[in-house]
Amino acid sequence: MGHLHYLQISLATGVLWVLLVGGMDLHRQEKMLLKSLGLNMRPSPRSPAPVPPLVWKMFQKRARLSPAAKEGKGLCWVEEFKIPGNIIRVFPDQGQFMHRDEPRSWLCLQKRLYFNFSALDEGEQVTMAQLEIRFHHNQYHAAKPGYPFELTLYKASQMALWGMSSHAYSRKLLAEQSFIHLYKSFVFNLTEVAKGWQVPTRNLGLVLEIGVPASPEQQLCSSIDSFLEASLLVVSLTPKDCRSARKRRSTYYVPAAASNICKPRRLYISFSDIGWENWIIAPQGYLANYCLGECPFPLTEELNSTNHAILQTVVHSLDPEGTPQPCCVPVRLSPISILYYDNNDNVVLRHYEDMVVDECGCR
């Protein structure tokens, strides 16, 4: 037998020590839990991006939802966009600037936009993808009257190589936008395009061009490429994680004096105590609770007992040594939302079922 290891978890009323036997048990249990959360290993953010204000607002709204609200569309419905979804990711642009065509001197920049979709699982269904192209708020650049900037967005159908003319590879026009000031941001719906990117070989990214076609003055393009940013907000749905919550069978009531009866007990899990504080953005912890207590004969309706459990207590009363009492287990759980960095340093807001014990029963 290996060394004994202990995992300390903060409680609202003290400290709970969970005994783990064997040198690899703690690592194995963590790996299994991370896998259930959709992660292949514990994230270790290298250059974490700031959380977009919209995503912060969405997380805070979900944190305030009542249990009743979570039982309806709840956390598997994105009210802000009126679409189904339980995972919200923000993918930063990982593309590079491309070679400019000499004959097209009016072109200020040509950039490949690329978003790494490897974080999406096979069973996920993309329900929305929103591209945001923005310019740093501390920059101000204006076109001359009568010479607006032209933004053109294409879907790449063939990989563009360094030095290759933009006319030498196939691409599909997605959007065009004229504007005067570079302090604005632009949003484009790319849902249908992003759905195809779940197949890695089809994800060749986008091509962004910004220029001033009506003017021959090259100085209008000055330093545009130095303060351009792009990101893709993707909403997806994992149907298996959005099953309907189990209905309440009865109002749970336990007499105050029956402290040893099966019921929920307070358990606060602190993410810093288990070493996850560097990749979980919010919450810092949550009230998970656990079930503890006896299931004595005769079982009452308040103990949320099954017919099997009732009969088991009868047999136990006749043969205590040969038949154990029913166990006190969770019979009603509710979800929470977690905001975190995944293994690719993407900001993720995800809904997780069965995280909080609301009711216990004898089974």
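The values are calculated or read from the model by the stated rules, or taken from the named source; none is laboratory data. Only a predicted model underlies this, so the values are computations on that prediction, with no experimental measurement involved. Here the Cβ positions follow ideal geometry from the backbone for every residue, glycine too, while neighbour counts run over all protein chains shown. Calculation scope for accessible area: heavy atoms of the full protein, side chains included, ligands and nucleic acids excluded. Shrake-Rupley method; radii C 1.70, N 1.55, O 1.52, S 1.80 Å.
Selection over region 299-339 of residues that are touching a Cys at 6+ places or on another chain (Cβ under 6 Å), under 30 Å from residue 241 (Cβ atoms) and outside any helix (DSSP H, G or I) gives a count of 5. Restricting attention to region 302-339, which residues are surrounded by fewer than 20 Cβ atoms within 10 Å (Cβ to Cβ), more than 21 Å from residue 360 (Cα to Cα) and of a type outside the set (Val, Ile, Thr)? 317, 318, 319, 320, 321, 322 - these are the residues of region 302-339 that are surrounded by fewer than 20 Cβ atoms within 10 Å (Cβ to Cβ), more than 21 Å from residue 360 (Cα to Cα) and of a type outside the set (Val, Ile, Thr).
Of the residues 299, 349, only one is closer than 30 Å to residue 50 by Cα and crowded, with 17+ Cβ neighbours inside 10 Å; which? Matching residue, one of 299, 349: 349.
Against the test of being at pLDDT 80 or above, within 16 Å of residue 275 (Cα to Cα) and of a type in the set (Ser, Thr, Tyr), the options 10, 44 yield a single qualifying residue, 44.
Of everything in region 262-296, what is aliphatic (A, V, I, L, M) and open to solvent by 50 Å² or more (accessible area, probe 1.4 Å)? Give them in sequence order. Don't jump to the end; show me each part of the working.
Within region 262-296, the first condition is being aliphatic (A, V, I, L, M), and the residues that meet it are 267, 269, 274, 280-282, 287-288, 292.
Answer for region 262-296, where residues must be aliphatic (A, V, I, L, M) and open to solvent by 50 Å² or more (accessible area, probe 1.4 Å): 287, 292.
For region 196-205, state whether one or more residues are at positive phi and either at pLDDT 75 or above or surrounded by 18 or more Cβ atoms within 10 Å (Cβ to Cβ) (or both). Within region 196-205 (the criterion being at positive phi and either at pLDDT 75 or above or surrounded by 18 or more Cβ atoms within 10 Å (Cβ to Cβ) (or both)), the answer is yes, since at least one residue qualifies. Taking every residue in region 296-311 that is within 12 Å of residue 331 (Cα to Cα) and among the small types (Gly, Ala, Ser) and pairing it with any residue that is at pLDDT 80 or above and part of a loop (DSSP other than H, G, I, E, B), at least 6 positions away or on another chain, the pairs with Cβ-Cβ distances below 9 Å are 305/295; 305/326; 305/363.
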